[in-house]
Structures are given as structure tokens and as C-alpha cells.
Amino acid sequence: MVYLLLACLVWNLLCFGMMGMDKYLALRGKQRISELTLLLSALFAGSAGIWLGMLVWRHKSAKRNFQIRLLLVTLVQLLLLILLRSDRLI
């Protein structure tokens with residue numbers, strides 16, 4: 001269980017960094033990290049890092065479509081977590 005939590009922490013730090021890197025690339029007009037990549041990273045247990053990156057870097061904060069999709073990903077994750085906890089699988 002400790003390794004799972006540590007892996008999630010590291011993944012969320014990477015997702016946070018991805019948001020910062022995408023903001024950096026956007027400011028310089030360079031090729032960016034796709035929204036699909038960011039959303040898939042969030043889907044695989046990185047939503048906290050993406051949300052934190054949105055707040056800290058002020059990145060994607062004006063994109064309602066992205067925010068709605070990220071919210072849906074987060075809600076699905078919470079639902080799965082509740083279901084797994086109720087069956088005591090984690």
C-alpha cells in the first residue's frame with residue numbers, strides 16, 4: 001500500500017510538472033503538450049497534480065472545455081475509489 005501511495009505521489013508531481021512545462025512552452029510559442037496527453041495523465045491517477053498545476057501555473061484556467069473534462073475524470077476516479085474501498089480491494 002505504501003508503494004502505491006508513493007507511486008501516486010510521484011506521478012502527481014510529474015503531472016504538476018507537465019502543466020508547468022506546457023505553460024512554459026505556450027509562453028514561448030513552441031510545440032505544446034496536447035490536452036489529450038494531459039487528460040490521460042490525469043485519468044491514470046494524476047488528476048490532483050493537474051488541478052494543482054492549473055492553480056499554481058494559471059494554466060488552462062480559462063479553458064472551460066478542458067476543466068469540464070478534467071472534472072469528469074476526477075469524478076470517475078473518486079467513484080472508482082469509493083467502489084474499491086467499499087469492497088476493501090484497496
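The values are calculated or read from the model by the stated rules, or taken from the named source; none is laboratory data. Note that the structure is a prediction, hence the values are computed from the model and not measured. Virtual Cβ from ideal backbone geometry, glycine too; neighbours counted across all protein chains shown.
Whether a residue is on the phi > 0 side of the Ramachandran plot and either surrounded by fewer than 16 Cβ atoms within 10 Å (Cβ to Cβ) or among the acidic types (Asp, Glu) (or both) was assessed, and ARG58 passes this test. When region 43-77 is filtered for residues that are in contact with a Phe, Trp or Tyr (Cβ under 8 Å, 6 or more places away or on another chain) and within 21 Å of VAL10 (Cα to Cα), the ones remaining, listed by number, are PHE44, ALA45, GLY46, GLY49, ILE50, LEU52, GLY53, VAL56, LEU70, THR74. Tell me, yes or no, whether region 78-90 has at least one residue that is exposed (fewer than 14 other Cβ atoms within 10 Å of the Cβ), outside any helix (DSSP H, G or I), in contact (Cβ under 8 Å) with a residue 12 or more places away in the chain and of a type in the set (Val, Ile, Thr). Yes, the conditions are met somewhere in region 78-90. Just one of the numbered conditions (1) exposed (fewer than 11 other Cβ atoms within 10 Å of the Cβ); (2) in contact with a Lys or Arg (Cβ under 7 Å, 6 or more places away or on another chain) is not true of ARG64: (2).
Looking at region 21-28, is at least one residue modelled with pLDDT of 95 or more and part of a loop (DSSP other than H, G, I, E, B)?
Going through region 21-28, the residues modelled with pLDDT of 95 or more turn out to be 21-28.
Now narrow it down to the ones that are part of a loop (DSSP other than H, G, I, E, B): 28.
Looking for residues that are modelled with pLDDT of 95 or more and part of a loop (DSSP other than H, G, I, E, B), one finds at least one in region 21-28, hence yes.
For SER47, only one of the following conditions fails: (1) of a type in the set (S, T, N, Q); (2) in contact with a helix residue (DSSP H, G or I) (Cβ under 7 Å, 6 or more places away or on another chain); (3) free of Cβ contacts under 8 Å to residues at least 12 places away in the same chain. What is its number? (3) is the only condition that SER47 fails.
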